[in-house]
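Derivation of every value follows stated rules applied to the coordinates shown; laboratory data play no part. Bear in mind that the values here come from a model prediction, so they are computed numbers and not experimental data. With ideal geometry, Cβ positions are generated from the backbone for all residues, glycine too; neighbour counts draw on all protein chains shown.
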Amino acid sequence: MKRRIFLKGSMAVSALGVALGAGLLTPTAVLAAWPDKAFHAKKMSDALNALLGSDAVEESADITIDVPEIAENGNEVPVKVISTIAGIESISIFAEKNPSPLVATFNLADNAQGFVSTRIRMGGTANVVGVVKAGGKLYSAKKEVKVTVGGCGG
Amino acid sequence: MAKKSIRVRAKFKDGVTTVRALMSHPMESGNRKNKAGKKIPANFIQEVTCDVAGKTVITSLWGGGVAKSAYLSFKLNGGKGEKLKLTWVDNQGKSDSVETAIKG
């Protein structure tokens, strides 16, 4: 029985794949929103400008960056950004010394809490910066992670 | 696409739903080189969206700096018993999605 459900599930997925391939759904429109410039910026300020329209960032005590002090493997550094600021629009994660500092950005709806967690790659020991956009203003907090083996290749 | 690339858990507790998702994907940043010294082409998830009860809760845009076997977790207010849909799209236009019910 379980096998049957699994088969049905995988068929549904492949049908979706076909639909996407044929352009019946609209991932292209979605992809257009991906801020190419921000993700390829080599400097953090450039990335901030391209992504959020400003690099005027205010440090805030209401943002917590939860990262390990020492990461043995730069390929997988767990990062949590928690913020109690009201009216959060987005949370972005930067690794200051990566080839492209912008790692990820999360746009949050009203019912989402100020919490995101993911795993990132880090090229070496650097600050992890969390930038929160709320009410049109930018707030940030940072924390250093010591990386023993970098994870950005080269 | 015989195998699901996404594993997702959504749990409701004390008015808050915690969603955890794991997406198996190479997440190749485009900066790495292979043994011959040639750059491995970029292949990573660019966008992950999550809808609860048909409404988008989170849109995450990712660069090549997100680790392999991409992990994402977030929290939302309410959501008990609702349907959750998680979709990813990578830079080569491939995508996958999964639906699950939020456990109360």
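Most mobile of B:G79, B:G37, B:G65 per a Gaussian network model of chain B (Cα springs, under 10 Å)? Result for chain B, Cα springs under 10 Å: B:G37 fluctuates most.
By the Cα gyration tensor, the range A:24-154 has an equivalent ellipsoid whose semi-axes, rounded to whole angstrom, run 23, 19, 14 from largest to smallest. The tail of the calculated P(r) for chain B beyond 19 Å holds 45 percent of all Cα-Cα pairs. The spread of Cα positions in the range A:35-91, taken along each principal axis and listed from longest to shortest, comes to 33, 30, 16 Å.
Within 10 Å of the Cβ of each residue in A:112-124, the mean number of Cβ atoms contributed by other protein chains is 6. Put in order of Cβ neighbour count within 10 Å, fewest first, the listed residues A:I93, A:I82, A:I63 become A:I82, A:I63, A:I93. From the residues B:A101, B:L72, B:V48, which one has its Cα farthest along the dipole of chain B in the positive direction, the dipole being from +1 and -1 charges on Cβ of Lys/Arg and Asp/Glu about the Cα centre? Highest projection toward the positive end goes to B:L72. Pair-distance distribution P(r) for the range A:106-147, from all Cα-Cα distances in 5 Å bins starting at 0: 5, 15, 25, 24, 15, 10, 5, 0 percent.
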